[in-house]
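Scroll down for the structure; my scribbles are underneath it.
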Amino acid sequence: MNINSFIVKQGFRQLNISPASLKQFEIAGAMSDVDGKGFPFDLIQLNAPMITRGLLNFAVLQMNRNWVYPFWVHRQLDPASPSYIPRSQNPLLINVTHRNWTALGSPLGYHEAIVDPRGLVTPLPREWSVDVWLATSEGILFASLSEPIDQRFDSAAPYVKTCFSFRNM
C-alpha cells in the first residue's frame with residue numbers, strides 16, 4: 001500500500017466509513033492501479049466540485065420542498081416524466097438528463113454564458129444561474145414550469161429568445 005492509499009484509508013476510518021465501503025474502495029484502487037500508484041486520485045480532484053454541488057442540491061431540496069426549482073430538477077424528480085431518475089439511496093442531485101444548453105459567447109470573448117431549455121441563464125462558468133418569473137394579477141409565471149416553450153437562437157446578436165405562454169398555466 002502506498003502512502004496516498006494509507007492516508008485515504010485513515011481518513012475514511014476517521015469518518016466512520018463502513019468496512020464494506022472501505023473494502024470496495026480498495027478493490028477499485030487495485031483494479032485501477034496504473035504503474036503501481038494505486039487509485040487515480042486525479043479523478044477525486046476532478047469530480048470533487050460536481051460531487052459537492054450534488055450534495056448541496058440534495059440538501060437544499062430536502063429542506064425547501066416548496067421552492068420552484070430549475071426545469072431539470074422538476075423533470076428528474078417527477079415520476080411521470082421520461083427524465084425521471086429514481087433517487088433511492090443516492091445522496092447526489094445532479095443534472096444528468098437535461099444538459100442541452102445553448103452556449104453564448106463571441107470568438108474573442110473569454111467567457112461564454114449558457115441558457116437552458118427554459119431560459120435559465122448561467123452567465124459565468126461553474127457559477128450561479130439566474131432565473132426569472134413574472135407576477136401578474138392572474139398569478140405567477142415560472143418559466144421552469146411552463147409548457148410549451150419556444151426557444152430560438154439569433155446568431156447575429158448573439159442571444160437566445162425564450163417564449164412561453166401564461167394562458168397555459
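The values are calculated or read from the model by the stated rules, or taken from the named source; none is laboratory data. If you're wondering where the values come from, they're calculated on a predicted model, not measured in any experiment. All Cβ positions, even for glycine, are placed from backbone atoms using ideal geometry, and neighbour counts span all protein chains on display.
Some notes on this structure:
- Test for Asn100: is it in a loop (DSSP other than H, G, I, E, B) and not small (Gly, Ala, Ser): yes
Conditions (1) buried (at least 17 other Cβ atoms within 10 Å of the Cβ); (2) of a type outside the set (Val, Ile, Thr); (3) under 17 Å from Arg75 (Cβ atoms), marked per residue:
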residue: Gly119; (1), (2), (3): yes, yes, yes
residue: Trp128; (1), (2), (3): no, yes, no
residue: Trp133; (1), (2), (3): no, yes, no
residue: Glu138; (1), (2), (3): no, yes, no
residue: Leu145; (1), (2), (3): no, yes, yes
residue: Tyr159; (1), (2), (3): no, yes, no
residue: Phe164; (1), (2), (3): yes, yes, yes
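- A single entry from Ser137, Ser165, Ser129 fulfils the requirement of being at pLDDT 80 or above, more than 26 Å from the chain's Cα centre (by Cα) and not acidic (Asp, Glu): Ser137.
- Pairing each residue of the range 51-71 that is under 21 Å from Gly119 (Cα atoms) with any residue that is part of a helix (DSSP H, G or I), provided the two are 6+ apart or on different chains, yields C-beta distances under 6 Å for Pro70/Ser144; Phe71/Ser144.
- Hits in the range 50-66 (condition: basic (Lys, Arg) and under 10 Å from the mean Cα position of the chain (by Cα)): Arg53
- Pick from the range 28-65, criterion of a type in the set (Asp, Glu) and under 17 Å from Lys9 (Cα atoms), ranking: modelled with the highest pLDDT: Asp42
- In the range 126-169, the residues that are in contact with a helix residue (DSSP H, G or I) (Cβ under 8 Å, 6 or more places away or on another chain) and more than 20 Å from Asn100 (Cβ to Cβ): Trp133, Met169
- Selection from the range 117-169 of residues that are among the small types (Gly, Ala, Ser) and part of a helix (DSSP H, G or I): Ala143, Ser144
- Subset of the range 67-82 [over 20 Å from Trp133 (Cα atoms) and over 14 Å from the mean Cα position of the chain (by Cα)]: Asp78, Pro79, Ala80, Ser81, Pro82
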